Amino acid sequence: MVSLASPRQFWSRGASIVLRLYLIVFIAGCTPPTPVPVTEARAMETRVLAAYSDRVMKASINVLQDLHFTIDMLNSDIGVIVASRHTEIEQGEITQEDRIISNIPTWQKVLGIGIILAIIEGIVWLLSGSGDGSDSSGDDRSDSEHVIIHDDRDGWEEMVYQYKVTINVESISNSESKLRVSAQGERLQGGRVVGAGPVQDPEFFQQFFASLDKALFLQN
């Protein structure tokens, strides 16, 4: 006669597989983006525009306001604008500069993963019971069917993003200007900084320069 696995054993095996897959995805997703080389970052942040520097400055201010940034500092003599913004939506991927994590040896990371997997196996083993479940009473079976729902949303702290943009405008000819925009970002949770670094997201700069071209066009 073929014996079927008990529901408890089936659940424990399924939970073990799900927890392992979740751990693998979580660890892979925690890998910070690779910093962009300085030369590549400058090329991504810089544009030459067919407009006078004062027009570029005015258009840059309008774009920043359209993107809900607050102008913190403006110096038209040297062509510098500094603006900031707080938002609950990530505007550009932040390259983390976490030297503590990056300096952890590979063998320590592997050992940590192994310890976590061992803990998960222990939890699953305890949930499945030391035996095959054949001696469990009706009360035990009924207790295993109870589902405890805990709402911990009250302790959840939402992620807030803070961005600071610096724009440098330089006149390179009678009718051309060079603009460079750089950005720094911070991730805050519960008022604590949990991640910080430069914004090196190409889409972030593409959106800015597309809006800038439109603003310059509307000035004509």
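The values are calculated or read from the model by the stated rules, or taken from the named source; none is laboratory data. Since the model is a prediction, treat every value here as computed from it, not as a measurement. Please note: Cβ atoms are built from the backbone with ideal geometry, for glycine as well, and neighbour counts cover all protein chains shown.
Observations
- Flag for GLY131 being assigned to a helix (DSSP H, G or I), at pLDDT below 95, over 27 Å from the mean Cα position of the chain (by Cα) and not basic (Lys, Arg): no
- The residues on offer are ILE115, ILE71, ILE119, ILE61, and the sole one that is under 17 Å from THR166 (Cβ atoms), β-branched (Val, Ile, Thr), modelled with pLDDT of 75 or more and in a helix (DSSP H, G or I) is ILE61.
- Search result, residues across the stretch 29-52 that are at pLDDT below 90 and either surrounded by 11 or more Cβ atoms within 10 Å (Cβ to Cβ) or within 20 Å of ASN168 (Cβ to Cβ) (or both): PRO32, PRO33, PRO35, VAL36, PRO37, VAL38
- Under the condition of being under 16 Å from PHE69 (Cα atoms) and surrounded by fewer than 19 Cβ atoms within 10 Å (Cβ to Cβ), the residues counted in the stretch 169-214 number 6.
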